[in-house]
Structure formats: structure tokens, C-alpha cells
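The structure under discussion appears below in the form of C-alpha cells.
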Amino acid sequence: MSQSFTPIGQEMPGLDQWDVRHMSQSFTLDGAEVPFTPGQSILEAARNAGIYIPHLCWHPDFPAHGSCKLCVVKVNGRHVSSCATPAAAGIEVKSNSPEIREERKVLLQMLFVEGNHFCPSCEKSGGCELQAQAYDHEIMTPHYTLFYPDRPVDASHPDLLLDFNRCIFCELCVRASRDVDGKSVFALSERGIHKHLVVSSESGRLADTDIDPSDKAANICPVGVILHKRQGFTVPYGQRAYDETPISEQGLPNKETV
Amino acid sequence: MPDSQTPNSQQSALREPTAEQRRHWRLVVEGVIAKHGARPEQLLQILIEIQEELSWLPLKVVTDVAERLSISRARVEGVVGFYSFLHTRPNGRFRVLFSNNIIDRMLGSQTMMDEMCRKLWLQPGKMSEDGLVSIGPTSCTGMGDQGPALLVNGMTITKLTHQRVNLISELIRKDTPLAQWPQDLFAVDDNIQRKDILLNSALKPGDALRAALANGPDALMEEMKKSKLRGRGGAGFTTAQKWDFCRQAPVDEALGRVVVCNADEGEPGTFKDRVLLTRYADLVFEGMTLAAYAIGAKKGFLYLRGEYRYLLAPLQEVLSARRAQGLLGASILSQTGFDFDIEIHMGAGAYVCGEETALLESLEGKRGTPRIRPPFPVTHGYLGRPTSVNNVETLASACLIATQGGDAFAKIGTAQSSGTKLLSISGDCAQPGIYEFPFGATIAEVLEACGATDVQAVQMGGASGVTLAPSEFSRKMAFEDVPTAGAFMIFDSGRDMFEVASNFVHFFAHESCGFCTPCRVGTSLLTGYLDKLSNGYGSKPDLAEIDTLNRVLKSTSHCGLGQAAANPILDGLKKFRPAYEKRMLHQDFEPAFNLDAALERARQITGRDDAGAHILEEQA
Ligand SMILES: Cc1cc2nc3c(=O)[nH]c(=O)nc-3n(C[C@H](O)[C@H](O)[C@H](O)COP(=O)(O)O)c2cc1C
Ligand code: SF4
Ligand code: SF4
Ligand code: FES
């Protein structure tokens, strides 16, 4: 058994390790000095310092979620999720190493094969964060056997379309609906590889929920699940956000394009 | 005893219920919610109890529950979907689940399940057309010492034989209510084979508490520290330290701190907590009360796995007796201000809920998804209150420390692992059952004690533990050598270690909560590769793929489930490689499917099986 890390949750450091401490406040990330304010995560601190750590389920408007694991880094030789790990003075963080890049690549490939992602026919293509991450990680093929799950589309709503085939379970819609819109239109059901998104109606149709196209939940999906009808291809392929500039150059505070 | 003889189960999921059914459903929902209060944190308990009445949870019932608790319907649906034992589809009036752990399988559970399916005319995983019965597999039910075992409507039946399967099939065919089945069918043995300080304990209810109260909470904490007791649930965290963090965490005094006893015991091959809860329940509850005294908790929960539903009534009786004796409730043992009571919460078929933060989510009536840490449960646990989560055996051991002192306890065992450990021994040996050994006992000593010969491998600590080969049998059971949560599964030289690993990996895939990418997808990918090997399409490159997946699972998974999911294969490849190599029939890449086999469904649909309906190897 490899002992190069202590499994997250199998250990409990002294509480002071994540207590707010007012000392010299910086750590190193791939050799660069990164300042932070107490309570910030590694990912946030890096981001403020202009260093991008790839992420999908993390969003500046919400607390860390910790599910996609794309933000994985090594802290003092041990793997952690940088979005959910408080920055601490003096730690050594590795992010852009061959090992971590390879792991991120596998995670992205996993997200591709578990859903049905036909990018060339997807309205989100070019504006999709999953696809953008794949560009950045030079993914040419899904590598693993495709799962081809059966996930029917929900076109019941007059203004919104749900194409569940592309869901990456970041739960941003779930969180936005619950915490911002105060509606809880979305939730996840079942577990493991059968986990899937459900909407809050007995019929299971979006049309029978109280979602509104202006809700935060209707405008937050990083991939092509929650789409607005009659707005397809207003920007042609090739001219969309990530067609032009890599996500790693856009995902920093002063450059947010969303 | 949960039993459902209502006609509702014949109702299809989509068909509109009759007015009378609707009335009945509403009545049941109202009754259960009246008992619990319209509190969202009771959601899981409410759903479990409604289903015990209705045998499934119709769409309209899900809607009703959501409305009554004023929570989103999607949230309720999400919770129902998460737990294996809850259903939104009609289920048989008799729901039979065969324990699918490798030990039960070695004892013939698969054949017995097939046999019962044949007798009752249905397919595994399906419901019979008359709504009478459904039969399927389930994860380890904690009866490895007396398998094969099954659950019928949540009640445990062990020691299955051909005759028992016949009898059960007959009772089901005649639609005999469970209450009228011969009661000896439901007998569960304790199988205590070796006792030491814990199982020899002659403490009477209240003894340990009286000892603790005489000297005060600080003195109790002092003894706990001296004892060096470490958690018996797997991680081995020092109990005194956990309690200390908890008692020092800031708290809203009106709400108080919380003690949770983790009785989820889902690790395949583990059943020692079952025996403690059956024979030593007072010791367990008293340990919880000691913890409450030490940390200043008002509220306690015992989280009992759904598979141990049969223990609920006896445990409730023990709790009532303790209340009557002044050992629970307000002013315990007449000590003003020492108020503490215990509530039992049921699980519903989810191994991950044994992970302490998933357990807390489940206690709060949510999907059992592990939380992000920090913050840790000791500061932000149940409903945000400081909470100490401890294993059943850890808490029972605390009673020994309270009465005999920490030094006496620390004298037993090894330097870093004090006291004794209960082992759940199953598999190829003469005397399976519960063995209490001081820490430091070697694997060989344990094998000798249970009468195991010709041993090829020992699986220590369950599916997520380690597979030991004979060259390692001189190693010691201890946190500093071979740590264990208590499972000890024995495989003799006749067993196929590839099958063992494959069973475990399928278990992890089935039990993955699906929260994080690596475990949700990785465990499924791993089962795919193992099935490929098992079907004779294994090739050299597959081993490299398995290796990569192992690494990603270990390093990026959110909780211990995903991090351990690859252990069985890692150990297998290292120590039992021939079992894998004999399945590597091909040097170069080989697809996982066979063209002729892929046509099987088409042949079934068309009813053809002639030469033209097959593709032969040469043609392909
Ligand atoms: C997937 C998983 C399953 C677990 N299952 C159990 C269990 O069934 N019982 C248990 O006591 N601990 C279990 N644990 C360990 C708990 O998270 C926790 O460490 C333990 O309950 C703490 O009690 P202790 O300190 O007394 O050992 C599990 C951990 C993981 C990661
Ligand atoms: S629908 Fe979109 S926002 Fe919601 S969980 Fe799926 S990917 Fe995330
Ligand atoms: S490792 Fe598995 S069980 Fe644990 S959080 Fe991730 S998906 Fe859930
Ligand atoms: S961004 Fe950290 S886990 Fe998703």
C-alpha cells in the first residue's frame, strides 16, 4: 500500500492547522511565492495571485463543493483538493507537475465517458468548461470505454431545455437554486454511477417546477445541460469564449468572462 | 416486525392510485410524521417507516412527505434514490435479499438465490408478476459466521440450506405473513469463540458511570488519556484526543454537544458490533453516556445499519430499562445537570454511511455524502454541533477504562495499540465467529485458534483492508503493523483470489456514493476491466490501465471508500499474480466484447438460434 499521503479523512490534524492564524502569510506554488489571507483556500489564494488551478465544481460565488477533483494538488507530498483546503503558511504546493496533469487528464476522461458528449452538435461547444479543460489538457480521445448512459432530454419547459447527457454533477444548479433562488428546483438522486439530476416535480418535468429563466440556477451550468431555448448559435462556433482563449487564461479574477 | 401485506405493492408506479389507496397512503404518512414531528432531519427515518407500511414509496407519497416537511420534493426524491433499501417502484410483498459478500458466495448463496428464483418463477432483481415477491442480491449483511444469509422484509435469516430455501419459498408461495413464520428461522447465533477483558466483562448497568461520576469528568478524561485507547472503527484515532477536541469546541449550551455511536458495520466480513449490540448493549450505551459525561453532550444517537433491523426492538428495550434505572434522561444517577438521552436512527443500505461525515449527513436526513473537512465533526458535526463519532467497540471499551483505570488497560496489547480487539472471523476455518485477542497477536496465532489450515490468504479489515499472503502470517495485528477494523476472512488454497478481489471491487462500485469523479467513474471502470479479464478477454495493456486507475482512485478520491477501492487488486497483483495472469490470454490489446455474444439479445428477440444467427470466430 502506498503511504505517500494520508488519506483525506483518515487523519485529523490538530485543529490549529486550519485555525485562523495571523503570521507571515504565504506559501509556495510550483516554486512561486503566493500570499494569502487566513481562511482562503489554496485555489483562491492562487487565483488572486494570478495562478490558475484547473477547476470545474468550484465557483467564486459559492463555498467549495469538492466533487470534481480537477483542482487536485500536492501539498507537502500529499494529495488534496485545493478548492477545499485552507491555505497555510509555508506549505509547498505542486500543481502543474506531470503527475498532477496526468491525474487531471484521467479525471476529465472519466467525465467524458460517463456521459454522452457529442461536442460537434452541442450548443455549448466553445463555451463549455469541460471541453475547455479538455483542450488545456490536450485530450484527443476519451480513452476509456464509453458508458453511453440512457438519459432522456427534458424539453417540456417553454424557455429552457435540459440535456442530462452532459451533466458533470458539479451541483452548481442545485446550489444556486437552493441558496440563491430559494427554490430547490434541482437535486441529485440515486448514487454511484447511477447518480443523476432530478427536478422538483412529481411528473419529473421541468415545466412543472417553478423555475424561471432568469434564475441563477438557469444560468450557471458550466456545460450544456441547462440551455435557453431559441438562443442557439447566436455566436457562431469558432468565435466563442474558449475557442479563442484557453480557460486557464480566462479563469482569473480580473479576466472572468462568464 | 416490519411487514407489509397491503395490496399497494401491486400498484404500478405510474398508474393512478384509487381514492382508497390515496386515503390509506395519507393516513400512513400522517401517522409516521406525527410520531417524528415535521422535522426535515427525521426525513430518512420517516421514509423508512412509511416504506415498512407500504413496501414502497409511491410518487405521491414522496410529494406528500415533501409538503408536510416543507422541503423540496427533489430533495426527498434524492434521499429515496440514495439508499438501497428505499424504493419508488412497487416491490414484492416479500422482498428477499441474499447477502452477496464473497464469504456468503463461497457458502453457496448464488446457487440458493437461483434456486429460490426458479421455485418462485422470477428473475433475480425483478418482482414476480403477481406482486408477491422480489428477489435480489445485497451487500454483506454481517452474518459471515453463519452464512449464507438473507433478509426478508428487512429481517435476517442465516444458515441457509437447501431445506431452508425450500421452506422459505413455500411460506412465500402461500403468502404466509412474516409474523407466522417459524420463529427459529430468524435465530441469529452469537458465536463467541474467545473472550478477553471486554467479552469477560461482568459490569452491571451503571457500574462504569458510578465510577466516573465519583471522580468527575476531568478524571475520566485523564484515565482515557492514560489508556491510549484508539478508535476501533478503522482509522485508529486516539479516543481521548477526539473527546478532548470535542469538549473544547465552542458550543451553544442550549443545544449541547452530541455523541454518535457508529453501528453501521458495513465493511464486508465484519460482524463484531452485531454481537456487542446483541449481548453487551448496556456496555455500548453506557460507553456513550460516559462520552457524554466527558464532553458535555446532551444528545446521543446510535446509527444502526438497516441490515440489523432485527436488533431495533431489543435495543429499544435496553434503552427503556436504562431510563427506568436513571442511567439515561434528566439528572442521570441523580446528578443535577447531567442530562443525556439516546435515540436510535436506522440506516437503509449504504456502506458509505459508516464514514463519519456521511453518517452525520444521513443522521440529518440527507443523502449520505461525505463532507469536506475541515471543519471536522468534533467542532461542526450533527446540525453543526460539536460531535464525537465513535465505533461501538470503542465505546464499550471505555467502560473498562472508567472502572479499571487507564493504566490497567494500557498494559494490555502493544506500545501503540492498547487493549484488545474483537475479530470477526469467517471463511475457511473450523470455528468461525467472534474472537477477542490482545493487540499484538500474530495472524498465525489467530489462524491456529480458529482452526484454519491450508490457508492461502487472509483478508484483514474487510474489503478495504489488506490481503495477506502466508509469508506475512507472522505479522502482528496492531495499528503499527497490520491495522484492522475487525474483519478477518480466510481463504484456503482452493479459492480463486481473483474472484475475491473482483467481488470486493464490485462491492465498492455498488456502494460508491457517486459524489466525486474518481470513485464514481473509476470504480465502474475497474469493474469493467475485471469483468473483461474474467470473461477471457484480458490483455497485457489492461494491467497498465488498472494500474493508472488505482493511482488516481487512491490519490484523488474524496473519502476512504474510493481511496481503498483499488486495494484488493493492488494486493492481488502483488501477491497472487498467477490468478491474474492466467486470465491474461492476450499479449496485445483485445476488445472487451465478442461479436457473437453481442448478438444474443437479437437472437432472444427474434427467437432464432440457427447458424445464420451466429458469427463464428473465423468470420469475425
Ligand atoms: C467508507 C467508510 C466506511 C466506514 N464504515 C465504518 C463503520 O461501519 N463503522 C465504524 O465504526 N467506522 C467506520 N468508518 C470509520 C469512521 O469514519 C470513523 O473513523 C469511526 O467511526 C470513528 O470511530 P472510532 O474512532 O471509534 O474508530 C468508515 C470509514 C469509511 C471511509
Ligand atoms: S446540470 Fe449543469 S450545473 Fe447542474 S449539476 Fe449538471 S453540470 Fe452541474
Ligand atoms: S470516494 Fe466514493 S464514496 Fe467517497 S465521496 Fe467519493 S464517490 Fe463518494
Ligand atoms: S474544483 Fe475542487 S473539487 Fe471541483
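The values are calculated or read from the model by the stated rules, or taken from the named source; none is laboratory data. Since the structure is predicted, the reported quantities are computational estimates derived from the model, not experimental observations. Reconstructed Cβ throughout: ideal geometry from the backbone, glycine too, with neighbour counts over all protein chains shown. All accessible areas refer to the heavy atoms of the entire protein, side chains included, with ligands and DNA or RNA removed. Shrake-Rupley method; radii C 1.70, N 1.55, O 1.52, S 1.80 Å.
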Item to complete: For the range B:332-344, take each phi angle, set θ = phi - 60°, evaluate the Karplus expression 6.51 cos²θ - 1.76 cosθ + 1.60, and give the result in whole Hz per residue in order, putting x for glycine and proline.
Response: 4, 6, 6, 8, 4, x, 9, 10, 7, 9, 10, 10, 9
Worksheet item: Just how much of B:CYS399 is accessible, in Å², when a 1.4 Å probe is used and the result is rounded to the nearest 10?
Response: 0 Å²
Worksheet item: Can you list the residues, at least 5 places off or on another chain, whose amide H is less than 5 Å from the amide H of B:PHE271, using H built in the peptide plane?
Response: B:SER424
Item to complete: Just tell me which aspartates and glutamates come within less than 14 Å, Cα to Cα, of A:LYS216; anything on the same chain fewer than 8 places away is out.
Response: A:ASP61, A:GLU171, A:ASP179, A:ASP181
Response to the item:
Applying a 4.7 angstrom Cβ cut-off across chain B, unpaired cysteine residues come out as B:CYS117, B:CYS140, B:CYS246, B:CYS261, B:CYS353, B:CYS399, B:CYS513, B:CYS516, B:CYS519, B:CYS559
Item to complete: State which stretch of chain B is the longest one without any exposed trypsin sites (Lys or Arg not before Pro), exposure meaning a DSSP loop state and at most 14 other Cβ atoms within 10 Å.
Response: B:196-581
Worksheet item: Lys/Arg Cβ at +1, Asp/Glu Cβ at -1, dipole of chain B taken about the Cα centre: which of B:SER493, B:VAL80, B:ASN91 is farthest positive-ward?
Response: B:VAL80
Worksheet item: Relative to the present Cα-Cα distance, how much length would full extension add between B:ASP339 and B:GLU115 at 0.36 nm per residue of separation?
Response: 75.3 nm
Discussion item. At a cut-off of 50 Å², which residues of the range A:198-242 become less accessible once all protein chains are present than in their chain alone, using a 1.4 Å probe?
Written reply: A:GLU202
Discussion item. Please enumerate, by chain and number, the aspartates and glutamates with C-alpha under 12 Å from the C-alpha of B:LYS225, excluding those fewer than 8 residues away in the same chain.
Written reply: B:ASP244, B:ASP407
Item to complete: Could you grab the relative contact order for chain B? Cα pairs under 8 Å, six or more apart, rounded to a whole percent.
Response: 13 percent
Worksheet, complete the sentence: Of the listed pairs B:LYS119/B:LYS540; A:LYS69/A:LYS124; B:LYS35/B:LYS226, those with alpha carbons more than 32 Å apart are B:LYS119/B:LYS540; B:LYS35/B:LYS226
Worksheet item: Which net charge results when you count Lys and Arg as +1 and Asp and Glu as -1 among the other residues whose beta-carbon is under 14 Å from that of A:PHE233?
Response: +2
Fill in: Positive minus negative residues near B:HIS24 (Lys, Arg vs Asp, Glu; Cβ under 13 Å)
0
Item to complete: Let me have the 222 nm mean residue ellipticity of chain A computed from DSSP H runs of 4+ only, each contributing -39500 (n - 2.57), with the sum over all residues rounded to the nearest 500.
Response: -4500 deg cm²/dmol
Response to the item:
Reported to the nearest 10 Å², B:HIS506 has, with a 1.4 Å probe, an accessible area equal to 70 Å²
Worksheet item: Stretch B:ASP610-B:GLU480 to full length: gain in nm at 0.36 nm per residue minus the Cα-Cα span?
Response: 40.5 nm
Response to the item:
Residues of the range B:511-552 that bury at least 50 Å² of accessible area, probe 1.4 Å, when all protein chains are present rather than the chain alone, are B:PHE515, B:THR517, B:ARG520, B:VAL521, B:LEU525, B:VAL552
Item to complete: Express in nm, to one decimal, how much length is gained between A:GLN231 and A:LEU252 on full extension, taking 0.36 nm for each residue of separation and deducting their alpha carbon distance.
Response: 4.8 nm
Worksheet entry | Residue-count net charge about B:SER417 - beta-carbon cut-off 9 Å; Lys, Arg +1, Asp, Glu -1 | +2
Worksheet entry | Of all accessible heavy-atom area on the range B:7-82, the percent that carbon and sulfur account for (1.4 Å) | 53 percent
Discussion item. Suppose each label sits 7 Å from its Cα in the direction of the beta carbon; what would the B:ASN215-A:MET140 distance come out to in nanometres?
Written reply: 7.0 nm
Worksheet entry | Accessible surface of the range B:495-620 [probe 1.4 Å, protein heavy atoms]: carbon and sulfur percent | 54 percent
Item to complete: Report ³J(HN,Hα) in whole Hz for each residue of the range B:202-207, in order, from the Karplus equation J = 6.51 cos²θ - 1.76 cosθ + 1.60 where θ = phi - 60°; Gly and Pro get x.
Response: 10, 4, 9, x, x, 4
Fill in: Rounded if a/c under 1.5, otherwise prolate or oblate - the range B:94-189, Cα gyration tensor axes
oblate
Practice prompt. May I ask you to list the lysines whose Cα is less than 28 Å away from that of A:LYS74, ignoring any residue fewer than eight positions away on the same chain?
Written response: A:LYS94, A:LYS105, A:LYS255, B:LYS242, B:LYS554, B:LYS574
Worksheet, complete the sentence: Relative contact order of the range B:282-418 (C-alpha contacts under 8 Å, at least 6 apart) in percent is 24 percent
Discussion item. Once you keep just the Cα pairs under 8 angstrom separated by 6 or more residues, what percentage relative contact order results for the range B:480-620?
Written reply: 26 percent
Response to the item:
If the label point sits 7 Å along Cα→Cβ of B:ARG601, residues of the range A:136-169 with amide N under 19 Å come out as A:145-153, A:165
Worksheet item: When the solvent-accessible surface of protein heavy atoms is calculated with a 1.4 angstrom probe, in what order do B:THR289, B:THR453, B:THR403, B:THR369 fall, highest first?
Response: B:THR453, B:THR403, B:THR369, B:THR289
Worksheet entry | Label-zone membership for the range A:22-57, site A:ASN96, 7 angstrom Cα→C-beta point, backbone N under 13 Å | A:29-33, A:47, A:50-54
Worksheet item: To the nearest 500 deg cm²/dmol, what mean residue ellipticity at 222 nm is calculated for chain B from DSSP H runs of n ≥ 4 alone, each contributing -39,500 (n - 2.57), summed and divided by the residues?
Response: -12500 deg cm²/dmol
Discussion item. Run the simple label-point estimate for B:PHE593 and B:GLN123 please: 7 Å along Cα→C-beta, distance reported in nm.
Written reply: 1.8 nm
Practice prompt. Under 1.5 on a/c is rounded, so check that first for chain B, then, if it is not, pick prolate when a/b is larger than b/c and oblate when it is not; a ≥ b ≥ c are the square roots of the alpha carbon gyration tensor eigenvalues.
Written response: oblate
Discussion item. What does the buried accessible surface come to for B and A, summed over both chains, with the probe at 1.4 Å? Round to 100 Å².
Written reply: 4600 Å²
Fill in: Three-way shape call for the protein assembly as shown based on the alpha-carbon gyration tensor, with the a/c threshold at 1.5
rounded
Discussion item. Could you check the spin-label model distance between A:ASN219 and A:TYR148? Points 7 Å from the Cα along Cα→Cβ, value in nm.
Written reply: 3.9 nm
Practice prompt. Over the protein assembly as shown, give the accessible area per residue in Å² for a 1.4 Å probe, as an integer.
Written response: 39 Å²
